[in-house]
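Take a look at the structure below.
Every read-out reported here was derived from the displayed coordinates using simple, explicitly stated rules and does not represent laboratory data. As the structure is a prediction and not an experimental result, all values here were calculated from the model. When we count neighbours, we look across all protein chains shown, and the Cβ atoms used for this are built from the backbone with ideal geometry, even at glycine.
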Amino acid sequence: MDEREIIRLLLARDEAGAEALSRRFSPLMRYIIAPILSDARDREECLNDALLLVWQKIDAYDEGRGSFTAWLTALTRNAALTRARKLRRAAETSDFSETEEEALPETAPEEAVLAAERRRILLDAVASLPKSERDLFWRKYYYCQPTEQIAAEVGLTVRAAEGRLYRIRKKLRKRLGGELE
């Protein structure tokens with residue numbers, strides 16, 4: 001079943017769409033979750049959470065803003081990072097009674113605007129990198145993949161991958177100057 005058909009079924013709230021989504025995209029979603037969560041049970045729960053999020057938020061998907069795969073990837077990554085934060089917080093406090101609303105600090109409007117501006121500046125700088133450098137940057141700092149995995153998948157030694165990542169950070173630091181401070 002192709003992507004458009006899956007989206008159509010999900011929008012129609014047809015369970016066949018959820019099954020097709022799981023069959024077609026679970027390997028990709030597991031690939032994204034794996035570097036973020038180390039425990040197999042946490043990874044499976046996160047996968048289920050992400051699949052449920054897709055079902056719940058399919059109406060928010062906008063084809064004009066990007067591909068379905070990119071939207072799904074971002075949703076999956078964010079679900080994994082949220083679960084990792086919750087697990088870390090639970091381990092630190094050993095208090096499992098905290099609700100999600102209590103866990104999220106409120107941000108002042110000025111801080112939110114400044115954070116959005118810093119994010120835009122950084123994204124523009126990353127977008128100006130050559131594709132190979134951009135791919136390495138996203139793998140390491142967005143998808144949280146270990147350097148060893150990146151090196152193996154792009155055909156580099158670990159040392160070469162670390163060197164390239166170092167040079168990318170240096171290039172971004174130079175290009176950004178004090179703009180993110």
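Here are the numbers:
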| item | result |
| --- | --- |
| Net charge of neighbours whose Cβ lies under 13 Å from the Cβ of Ala80, counting Lys and Arg as +1 and Asp and Glu as -1 | +2 |
| Sparse-neighbourhood loop sites, chymotrypsin sites (Phe, Trp or Tyr not before Pro) in region 48-96 - DSSP loop, at most 10 other Cβ within 10 angstrom | Phe96 |
| Set of lysines with alpha-carbon distance to Lys131 below 30 Å, sequence-local pairs under 8 removed | Lys140, Lys170, Lys171, Lys174 |
| Shape box of region 1-104 [Cα atoms, principal axes, largest first, Å] | 45, 26, 25 |
| Between 0 and 90°, nearest 10: helix 158-176 axis offset from the chain longest Cα axis | 80 degrees |
| Cα-based helix-to-principal-axis angle, 15-33 vs the chain, degrees rounded to 10 | 30 degrees |
| Among Thr157, Thr73, Thr147: highest mean-square fluctuation, GNM of the chain, C-alpha pairs under 10 Å | Thr157 |
| Which label in (i) 27, 20, 15; (ii) 29, 23, 20; (iii) 29, 22, 11 gives the computed semi-axes √(5λ) of the Cα gyration tensor in Å | (ii) |
| Using a Förster distance of 25 Å, the FRET efficiency for Leu156-Lys131 (Cβ separation, nearest 0.05) | 0.95 |
